[in-house]
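Written below as C-alpha cells is the structure these notes are about.
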Amino acid sequence: LPKITAGTAIVMEFVVSPVAYIKTILHAWKYPACAVNGLLLGKMVKGNLLVEDVVPLFHTHLNLTPMFDVALFQAEGHCKAKGLQVVGLYNANELNTENSPSPAAMKLASRIQADFSNAILWQVLNTRIVEHPDKIAIRLYTMAPAKHWEVQDQVGPFGTHDADAPKSFRYTEEKEVLERVENAISMYKYKKLVDWDDHCENCALSVFTEIEV
Amino acid sequence: TMTTLKELVATSATAGSSVRRHREVLEKTASECLRASDIVLSSGKKLVTEHAGSLGRSLWDTHERVLMAALDCGDFETADKTLATLRRKFGLTSQRVRRLEGMRLEAECDYAGALKIYKNVLEQDPADALTWKRTVVVLRDCGDSKAAIEELNDYLKVFAQDHEAWLELADMYIEEQEYNLAKFCFEELIMLQAPNYQFHLRYAELLFTIGGTQNLELARNYFAQALELKPGCLRALYGIVLCLRATGVKGTLQQKLLAVGQSQLIEQYTKYAPNLLPIVKDVLNKDSK
C-alpha cells in the first residue's frame, strides 16, 4: 500500500472511509454554483491517519470566521463522544477550473493543524464531480515542515477501521467507492445532506445526520 | 421552505401531475427566488410543450425560464429548441433574445463569444442593466476577478440601488479577502434595506472576521440588531455569545445580553434538537480562545 511521507522521518498511511469521501462529493454536488467546505473527522490508528467521517460546513461566505468557530467547537464536542478528532478540512472552490486550495481554506486548515499536527487538507477537483465518475475527485495536502500545504501524489487507500481487529483496516476498492458515489447521486442522497448553513436556518436539521451511502 | 421544496420536487417528478401543480412549482420557485433548476426545467418544459395554452400571458417568460434552467442543468437540447422558438417569435435583433444567446455561449464556456454579444448589445443600449451584469459574470467566470470587480463598480456608479449587485460585489471582495471593501458594500445594503436581517448579520460576521476590539463591539451590536429583526436567529445568537466572550463582559447590560444569547440558544436546542443540547452547553461554557 502506498506510504506517504509527511516530514522527514514520519511515514504514514492516510486511509479514507468511503462514507467520508462520498459525503464530501455529495456536498459539492448539492451546491454546484457555490464553494463548499467541511471538517474531516478521524483518528490515528497504529500511526496511520484514518478519516472516518466529515461534517459539511458552509456553502455561503466560506471566509467568514464566527460560525466556523462555533461549528469547530460543536464538532469537537461530537467527536469526544465518538472517540474521534477533527483531523482536517475539505474545500471545493466556486470556479470549475480552480483546483488549488484557496488562501482562506489553507488558513482554516492551518488552524486545525495547530491543534492536531497530522492534520490534512482535501481539495475537491471540480471537473471530476460528474454523474458517472471514473476518477477520485479529491487531492490530498499535508503540512510540510516549512509550514506550507504540500500536495501528495495519492489520496491514500479507502477503508474502514476493522472492529474485529482493532489495529488494522478493512480496505475497499477504489472502483467500488466510485460506484457508490454514482449510486448516491442517482438516488438523490445529496438532498438529505445537511450543512452548517442549513442548521443555522433550521435548528432541527443536524449536520451530524447519518446518510446511507 | 424545506417542506415546500420537497413538495415541489415530488410534484415535478410525478408524471400525472396536473397543470395547476406544475404552475405552482414555477410560481413558488419564482416568488421565493429558488435556484431549483431541475424542477423548473421539468415542470416548465411540461407546460410549454404540452399545456402552452394554460400559460396565457406568461407563456414567453416561461420559455425564458425553461431556457435558463436548461442551461443550468446542462440540457443543451432543450435549451437550443427553446432558443429557436424564442428567435422565431421575437426575431434575431431582440435584445432579450441576444442576451439569452450570450448565456447559451456562457454555458459552453465560450466567454469571448458571449462578451462580444453583450458588448454589442450595450453599444446599442448602454442602460441595459441585465446585459451589463452578464458582462460582470463572464469576467468572473474567466477567473479575472479584478476586471469583474472593476466592471461591477462601474455598474454600481450608475445603478446604485441594485442590491443584488452590491451583494455580488461583497461576495467577490470576501473571496479576495478584501474585507474592508466588502464592509462598504454591506453598509450600502443596510442603507438600502434596513429591515433585512441578513445584511446586518453578514456585516457583523465580516466585522468579527476582521477582528480587533472596536470591530468586535460593533459586531456585537449588529448581531443584536439582526436578532431583533429575526427573533431566534441562530447565527445572531451565537454571534452575540462569541463577541461578548472575545471582548469580555463589561457592565450589567452586557451581562443581560450574554444571558439572553445563552438562554435563547438553550431554548432553541431544547425545542428542536435536544440530542445536541449537551454539546451546545459545552460550547457555551467553553473558555474563549
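At a glance:
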| quantity | calculated |
| --- | --- |
| B:E188 more than 26 Å from B:G248 (Cβ to Cβ) and either modelled with pLDDT under 95 or in contact with a Lys or Arg (Cβ under 6 Å, 6 or more places away or on another chain) (or both) | no |
| Meets criteria (of a type in the set (F, W, Y), in contact with a Phe, Trp or Tyr (Cβ under 7 Å, 6 or more places away or on another chain), buried (at least 16 other Cβ atoms within 10 Å of the Cβ) and more than 20 Å from A:T97 (Cα to Cα)) for B:F186 | yes |
| Matching entry among B:L92, B:L86, B:L130 (being closer than 30 Å to B:A52 by Cα, open to solvent by less than 30 Å² (accessible area, probe 1.4 Å) and aliphatic (A, V, I, L, M)) | B:L86 |
| Candidate set from region A:98-115 (those that are within 11 Å of chain B (Cβ to nearest Cβ) and assigned to a helix (DSSP H, G or I)); member that is surrounded by the fewest Cβ atoms within 10 Å (Cβ to Cβ) | A:A114 |
| Test: residue in region B:225-248 that is more than 11 Å from chain A (Cβ to nearest Cβ), free of Cβ contacts under 8 Å to residues at least 60 places away in the same chain, over 20 Å from B:R202 (Cα atoms) and not acidic (D, E) | yes |
| Test: residue in region B:70-83 that is in contact with a His (Cβ under 8 Å, 6 or more places away or on another chain) and open to solvent by less than 50 Å² (accessible area, probe 1.4 Å) | yes |
| Members of region A:185-210 found to be among the hydrophobic types (A, V, I, L, M, F, W, C) and over 17 Å from the mean Cα position of the chain (by Cα), listed by number | A:I185, A:M187, A:C200, A:C203, A:A204, A:L205 |
| Hits in region B:243-275 (condition: over 33 Å from the mean Cα position of the chain (by Cα) and open to solvent by 60 Å² or more (accessible area, probe 1.4 Å)) | B:K250, B:T252, B:L253, B:Q255, B:K256 |
| Options A:L89, A:L72, A:L57; residue that is modelled with pLDDT of 95 or more, closer than 25 Å to B:G261 by Cα, of a type in the set (A, V, I, L, M, F, W, C) and not in a helix (DSSP H, G or I) | A:L57 |
| Scope region A:136-156; condition open to solvent by 90 Å² or more (accessible area, probe 1.4 Å) and either over 15 Å from A:W122 (Cα atoms) or acidic (D, E) (or both); matching residues | A:P145, A:K147, A:D153 |
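Each row is one residue, and each column tells you yes or no for (1) closer than 22 Å to A:P101 by Cβ; (2) within 13 Å of chain B (Cβ to nearest Cβ).
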site	(1), (2)
A:G38	yes, no
A:V45	no, no
A:L62	yes, yes
A:L84	no, no
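The values are calculated or read from the model by the stated rules, or taken from the named source; none is laboratory data. On a predicted model such as this, the values are computed, not experimentally measured, just so you know. We place every Cβ from the backbone using ideal geometry, glycine too, and count neighbours over all the protein chains shown. For the accessible areas, the whole protein counts, side chains as well, though only heavy atoms, and no ligand, DNA or RNA atoms are used. Shrake-Rupley method; radii C 1.70, N 1.55, O 1.52, S 1.80 Å.
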